[in-house]
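Participant: Sharing a structure, written as structure tokens. Questions coming.
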Amino acid sequence: MPDSLPQVSPDVAKGIGRDLSIYAIASVIVDVPTVRKHKLSQTSVTAQSYVIVTVRLGNGVTGVGEAATLGGPRWSEESVEAIKANIDAYLAPALLGLRADRFEAAGMAMDAAAKRNTAAKGAIESALFDAVGKTLGVPASALLGGALRDSVPVLWTLASGDPAQEIEEAERKLEARLHRTFKVKVGALAPKDDMARMGRLAAALGDRATLIVDANQAWDETVSARCLPQLAEMGVALVEQPVPAWNIPAMARLRARPGTPPLLADECVFDSHDMLAVAAAGAADAVSLKIVKHGGLLGVRKVAAVAEAGGVALYGGCLLESSVGAAAHLQVFATLRELAWGCEHFGPQILTTDLVTEPLRFADFHLYLPAGAGLGITLDEAALRRFART
Ligand code: MUC
Ligand code: MG
């Protein structure tokens, strides 16, 4: 990994701090086991797969970024294998020699080299922000408008499918003052079984915790019309992506029905055009912001700006990133004027081993923005070697 990057020649290294050109880019796939099985409507995982990208600048500084996936190309179309292949063959060659601090130009070069591939582009752009921030001695947030907060409320996701286990897991999180909002993954079970499961969770936790639900596109409009009011009755505060991503009209019709709880758009919003369509249709109350969907930190800000203009609230989404990807998200989340629904970057805690030397701080139901330049984290080379796919 960083060691596999070509070394900057002594002549080039003399210009440390000055030469911001992109000198080399490397990528590696890692598979990190999770502490328990994580079950979504379309897949279940016992290990999280990431592509870790390192970018070395002409001044010798290295930046790191991460592309997360969830169970192969099932949550979205990108798999780690495809991400790595497209970085190595198309995106990296398009960037070599360009200035790392010209983020928008780098984005345009990547868009010209490859359509979509937003997770791959997001990992590279994260590494550029890390490298440039480290060069200048400022956090990435300072390059994005500046941080407005140093911590964000963070939820935990319950996704074993076994309500007794889930209640016990939530109790432990509450007791440790780590999380008091819980997102429950539904859609792997039949709707009536999920409703019974949600009833048990609401009865056990409802007066001490906020519950939200993510169906990951599992339901159709009819099932949603039946389940959403039941969830509202149980006190569920927000329901994420109940119907397929393409069915924005159904989201709008469901949202207009009395008894529907607030709706969160996830898979239906990748870029700012999607966000405009969702806002114009009145299809969501909030949008889940993710680097893997929006192609980077700048993309997060663009989608957030359209959401704000359309009166759609912001939620800090994740794809179970390690502290590398979570830090990149925090850097940009910290710059948003209002992050009404907090964030869900519990990823570092569901991994058996994190990929950084000093994991992000979780305390008092919040996740803290790391101090330090760039993304504010240091890659753990030993962990990377241990989990690297050979
Ligand atoms: C998603 O769809 O929101 C985020 C948390 C989790 O458990 O799954 C992810 C993806
Ligand atoms: Mg989701």
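The values are calculated or read from the model by the stated rules, or taken from the named source; none is laboratory data. Computed from a prediction, not measured in an experiment: that's the story for all the values here. Neighbour counts run over all protein chains shown; Cβ positions are idealised from the backbone, glycine included.
Participant: Tell me the residue from LEU228, LEU189, LEU289, LEU178 that is within 22 Å of SER76 (Cα to Cα) and crowded, with 17+ Cβ neighbours inside 10 Å, please.
Facilitator: LEU289
Participant: If you don't mind, another one. Considering the stretch 208-225 alone, what residues qualify as being crowded, with 20+ Cβ neighbours inside 10 Å, closer than 18 Å to ALA190 by Cβ and free of Cβ contacts under 8 Å to residues at least 40 places away in the same chain?
Facilitator: VAL213, TRP219, SER224, listed by residue number.
Participant: Among ALA119, ALA131, which is the only one that is within 28 Å of LEU351 (Cα to Cα), touching a strand residue (DSSP E or B) at 6+ places or on another chain (Cβ under 8 Å) and within 16 Å of ligand 1 (Cβ to nearest atom)?
Facilitator: ALA119
Participant: So, one more: Just checking, how many residues over the stretch 35-59 are touching a Phe, Trp or Tyr at 6+ places or on another chain (Cβ under 9 Å) and either of a type in the set (Lys, Arg) or assigned by TED's automatic domain parsing to the domain that holds GLY374 (or both)?
Facilitator: Qualifying residue count, the stretch 35-59: 1.
Participant: Using beta carbons and a limit of 7 Å, which pairs, at least six apart or on different chains, have the first residue in the stretch 333-351 and not assigned by TED's automatic domain parsing to the domain that holds LEU298 and the second one at pLDDT 95 or above?
Facilitator: Listed pairs, sorted by first residue: none to list.
Participant: Any chance you could count how many residues in the stretch 182-199 are within 16 Å of ligand 2 (Cβ to nearest atom) and basic (Lys, Arg)?
Facilitator: Residues in the stretch 182-199 being within 16 Å of ligand 2 (Cβ to nearest atom) and basic (Lys, Arg): 2 in total.
Participant: Within the set of pairs 6+ apart or on separate chains, which have a first residue in the stretch 253-272 that is among the polar types (S, T, N, Q), a second that is assigned to a helix (DSSP H, G or I), and C-beta atoms under 7 Å apart?
Facilitator: THR260/LEU228; THR260/PRO229; THR260/ALA232; THR260/LEU254; SER272/LYS302; SER272/VAL303; SER272/VAL306
Participant: Okay, next question. So, ALA100, is that one at pLDDT 95 or above, of a type in the set (Gly, Ala, Ser) and within 19 Å of GLY316 (Cα to Cα) or not? Walk me through it before giving the result.
Facilitator: Values: at pLDDT 95 or above: yes; of a type in the set (Gly, Ala, Ser): yes; within 19 Å of GLY316 (Cα to Cα): no.
For ALA100, the condition - at pLDDT 95 or above, of a type in the set (Gly, Ala, Ser) and within 19 Å of GLY316 (Cα to Cα) - is not met.
Participant: Taking interchain pairs and intrachain pairs at least six residues apart, which have beta carbon atoms under 7 angstrom, with the first residue in the stretch 302-314 and under 16 Å from TRP341 (Cβ atoms) and the second among the aliphatic types (A, V, I, L, M) and assigned to a loop (DSSP other than H, G, I, E, B)?
Facilitator: VAL303/VAL269; ALA304/LEU336; VAL312/ALA284; ALA313/ALA340; LEU314/LEU336; LEU314/LEU339; LEU314/ALA340
Participant: From the list VAL324, VAL303, VAL292, VAL312, pick out the single residue that is within 14 Å of ligand 1 (Cβ to nearest atom) and either of a type outside the set (A, V, I, L, M, F, W, C) or in contact with an Asp or Glu (Cβ under 9 Å, 6 or more places away or on another chain) (or both).
Facilitator: Matching residue, one of VAL324, VAL303, VAL292, VAL312: VAL292.
Participant: Determine whether ALA245 is modelled with pLDDT of 95 or more, part of a loop (DSSP other than H, G, I, E, B) and in contact with a Phe, Trp or Tyr (Cβ under 9 Å, 6 or more places away or on another chain).
Facilitator: yes
Participant: Going through MET108, MET195 one at a time, which residue ends up being assigned by TED's automatic domain parsing to the domain that holds ARG56 and surrounded by fewer than 24 Cβ atoms within 10 Å (Cβ to Cβ)?
Facilitator: When all the criteria are applied, what remains is MET108.
Participant: Counting only residues that are among the charged types (D, E, K, R) and within 15 Å of ligand 2 (Cβ to nearest atom), how many does the stretch 200-251 have?
Facilitator: Matching residues across the stretch 200-251 total 2.
Participant: If we scan the stretch 331-347, do we find a residue that is farther than 26 Å from GLU104 by Cα, within 16 Å of ligand 2 (Cβ to nearest atom) and among the hydrophobic types (A, V, I, L, M, F, W, C)?
Facilitator: Yes - at least one qualifying residue is present in the stretch 331-347.
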